[in-house]
Amino acid sequence: MSDIDEVKTRTDIIGVISARVTLKKAGRHWKALCPFHSEKTPSFIVSPERQSWKCFGCGKGGSVIDFVMESEHVDFVEALETLAEKAGVKLERRVTDTPESRLKEKILTANHLASEFYHFLLTKHAVGEKARSYLKTRGVTDKTIKTFSLGYSPNSWDGLLKYLKKKGYDEAILTQAGLIVSSNRGGYDRFRGRVMFTLKDHRGNVVGFSGRLLDPDAKEAKYINTSETLVYSKSNVLYGLDVTKAAIQKENEAIVMEGEFDVISSFQAGVGNVIAIKGSALTEGHVNLLRRFADRLVLALDSDIAGDAAARRGIEIADRAGMDIRVATMTTGKDPDDAARENPGQFKKALKGAEPIYDYFIASATKRYDAKDSFGKRKISDELLPVIAKIENPIVQGHYVKKIAVTLGVSEDAVGDGMRKAARSQVTGRKEKESSTQENKKGRGREENLELYVLAILLQGKTIELYEEFKETLNFAELTVSSVRQIIEHIDRYLKDHKVFLIKDFADQLPHELTSTLDEAFLWDIADLLDDEEHLHKEWTKALIALSRSNLRRRMGGLSREITDGNDKSFELRALTQKLKTLDNPR
């Protein structure tokens with residue numbers, strides 16, 4: 001047994017998943033609201049027999065390792081190591097020995113060396129004097145420079161490239177790491193003449209960099225960042241988390257800021273539970289990462305997030321994840337960096353006085369529009385009602401309906417009606433989008449879904465008895481979905497050698513490329529049918545007839561085309577037509 005198989009075998013998938021979501025028994029499976037997308041009807045199914053899970057809403061699924069990877073936003077290796085430690089399994093073999101994992105390791109090592117190079121030039125070399133002076137004017141201490149691994153990139157064509165070449169790295173790897181830019185004249189350093197902020201993941205791996213220009217008259221962008229690489233994704237990295245995660249966990253609160261200097265100045269002012277998202281919008285990756293450490297987010301951003309569509313989307317993601325979201329408004333300075341340096345006491349007071357996100361939205365709207373005239377009321381309601389309509393807790397929603405009614409000087413019924421209209425509009429738009437997305441994702445029509453449904457009942461019901469009925473009604477060679485047809489062929493062979501159908505034993509004998517379809521069918525939510533044997537049999541018979549009817553019509557269509565082409569298939573067509581009539585009008 002491989003290390004991976006042993007970890008899966010010794011891990012209770014129900015225990016792992018129930019630590020993150022509320023699971024309820026549903027027949028032989030367990031069911032929950034999906035933790036990876038917003039839904040009101042549970043479509044997330046877990047099978048202890050198959051040790052697998054699948055969401056029939058967003059399409060995600062897999063093993064317990066896949067769940068840890070998805071929910072904790074870690075790679076395969078870390079997920080396996082985490083589960084192995086919990087299960088008491090000692091990993092004997094390297095699981096990182098793949099081309100992609102080896103490339104990731106090389107990039108991470110190159111990034112680490114680059115960080116040391118930049119840090120040395122800032123702290124020890126004469127070339128970093130200008131950068132040192134600049135940081136002093138910003139109030140950055142030597143201790144902070146070390147804590148956050150700040151550095152300086154020399155204003156030379158290929159200083160870093162030459163250094164890393166001496167360390168044995170070729171241009172191809174350094175280009176993939178985002179450290180070097182390729183050109184016809186040869187590679188050159190991406191970062192030149194900039195204060196360097198080292199970007200690390202929450203485990204402390206150097207995944208990229210952000211560089212700030214020192215020359216105010218330069219025509220280049222003030223800030224540039226590492227481009228997307230195998231190890232760096234802006235939407236999944238939070239600046240400073242490697243340093244501040246312990247404080248965030250202790251306070252059960254993460255203070256979210258926009259830029260690196262915001263975090264650094266706050267940290268020096270004694271506020272340790274801070275991170276930066278390098279912009280104004282939280283992403284799903286950010287939220288998944290932060291909720292591992294805290295339940296509350298305090299947004300201390302530069303811009304008015306109430307009017308920022310991207311920021312609002314991020315807030316909706318955090319709200320759906322069940323996080324307590326608040327907004328701190330700076331009373332001094334133009335941003336948290338200024339506020340922390342100018343008046344640390346007032347800055348801390350502003351953070352402690354952060355108001356709930358919906359109160360902030362109401363306050364922001366009434367500052368920008370006059371709540372006393374009809375136009376202002378309309379603008380305020382247009383902005384606030386779609387937001388309030390998305391609140392799932394009816395008590396909280398009712399509180400804000402009342403508050404908006406008082407603010408606008410109208411009845412709660414009027415606000416409620418407007419909110420319901422906004423909600424219907426949102427649902428209609430979302431359904432259209434989801435319908436389109438699901439259709440494109442699955443790429444299946446009615447007949448293909450019907451075949452999968454038949455397989456679902458066959459696998460989850462009394463397989464041996466149901467298969468006998470299947471053989472009497474259908475020929476599996478006529479099935480249109482290749483993976484469904486192959487699985488049923490395997491069932492046919494399996495039942496010739498076994499008197500009992502055991503899903504785990506059957507799955508172990510199935511080719512790996514068929515397991516995805518097997519799991520989709522086996523996790524299909526038919527718990528209500530399985531609890532009622534009579535209902536199950538009726539639904540099974542109905543599904544078999546529907547599939548037979550569909551097969552006959554498809555065959556008849558083919559014969560009709562052959563007749564059109566001059567082939568005499570009229571006798572066969574009449575025979576199929578009679579069969580179809582029998583199915584349509586059973587005695």
In the range 241-278, anything within 21 Å of the chain's Cα centre (by Cα) and open to solvent by less than 10 Å² (accessible area, probe 1.4 Å) is listed as LEU241, ALA254, VAL256, ILE275, ALA276, ILE277
Can you report the number of residues in the range 1-10 which are under 16 Å from PHE67 (Cβ atoms) and either surrounded by fewer than 20 Cβ atoms within 10 Å (Cβ to Cβ) or of a type in the set (Asp, Glu) (or both)? 3
Which pairs do you get when a residue that is farther than 16 Å from ILE255 by Cα, found in the range 326-352, comes within reach of a residue that is among the polar types (S, T, N, Q) and surrounded by 21 or more Cβ atoms within 10 Å (Cβ to Cβ), reach meaning Cβ atoms under 6 angstrom, with the pair 6+ apart or on two chains? ARG341/SER265
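Could you tell me how many of the residues in the range 217-240 are β-branched (Val, Ile, Thr) and surrounded by fewer than 17 Cβ atoms within 10 Å (Cβ to Cβ)? Explain how you work it out, then say what you get.
Initially, the range 217-240 is screened for residues β-branched (Val, Ile, Thr), giving 224, 226, 229, 231, 237.
Within this subset, residues satisfying the condition of being surrounded by fewer than 17 Cβ atoms within 10 Å (Cβ to Cβ) are 224.
Selection size over the range 217-240: 1.
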Only unsatisfied item for GLU39, checking (1) touching a helix residue (DSSP H, G or I) at 6+ places or on another chain (Cβ under 7 Å); (2) within 27 Å of SER233 (Cα to Cα), is (1)
Failed criterion for SER133 (all others in (1) polar (S, T, N, Q); (2) over 25 Å from LEU241 (Cβ atoms); (3) surrounded by 14 or more Cβ atoms within 10 Å (Cβ to Cβ) hold): (3)
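Which fully enclosed helices (runs of 4 or more DSSP H) of the range 336-400 have 3 or more residues being open to solvent by 30 Å² or more (accessible area, probe 1.4 Å)?
Values: elements: 336-342, 344-352, 357-368, 374-389.
The qualifying helices (runs of 4 or more DSSP H) are 344-352, 357-368, 374-389.
Is it the case, given these coordinates, that GLY27 is under 23 Å from LYS462 (Cα atoms) and either in contact with a His (Cβ under 6 Å, 6 or more places away or on another chain) or open to solvent by less than 40 Å² (accessible area, probe 1.4 Å) (or both)? Give the derivation first.
Numbers: under 23 Å from LYS462 (Cα atoms): yes; either in contact with a His (Cβ under 6 Å, 6 or more places away or on another chain) or open to solvent by less than 40 Å² (accessible area, probe 1.4 Å) (or both): yes.
So GLY27 fits the description; yes.
Do we find a residue being part of a loop (DSSP other than H, G, I, E, B), open to solvent by less than 10 Å² (accessible area, probe 1.4 Å) and closer than 16 Å to HIS112 by Cα anywhere in the range 205-216?
Residues of the range 205-216 that are part of a loop (DSSP other than H, G, I, E, B), as a first pass: 205, 214-216.
Narrowing further to those that are open to solvent by less than 10 Å² (accessible area, probe 1.4 Å): none.
There is no residue in the range 205-216 that is part of a loop (DSSP other than H, G, I, E, B), open to solvent by less than 10 Å² (accessible area, probe 1.4 Å) and closer than 16 Å to HIS112 by Cα.
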Which one of VAL68, VAL74 is open to solvent by less than 60 Å² (accessible area, probe 1.4 Å), closer than 22 Å to PHE293 by Cα and not in a helix (DSSP H, G or I)? VAL74
Candidates ALA328, ALA321, ALA281 - the one that is open to solvent by less than 20 Å² (accessible area, probe 1.4 Å) and either acidic (Asp, Glu) or more than 28 Å from GLY409 (Cβ to Cβ) (or both): ALA328
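The values are calculated or read from the model by the stated rules, or taken from the named source; none is laboratory data. Since we're looking at a predicted model, the values are computed, not measured. Because the Cβ atoms are built from the backbone with ideal geometry, glycine has one as well, and the counts that use them run over all protein chains shown. Note: areas computed on protein heavy atoms with side chains; ligands, DNA, RNA excluded. Shrake-Rupley method; radii C 1.70, N 1.55, O 1.52, S 1.80 Å.
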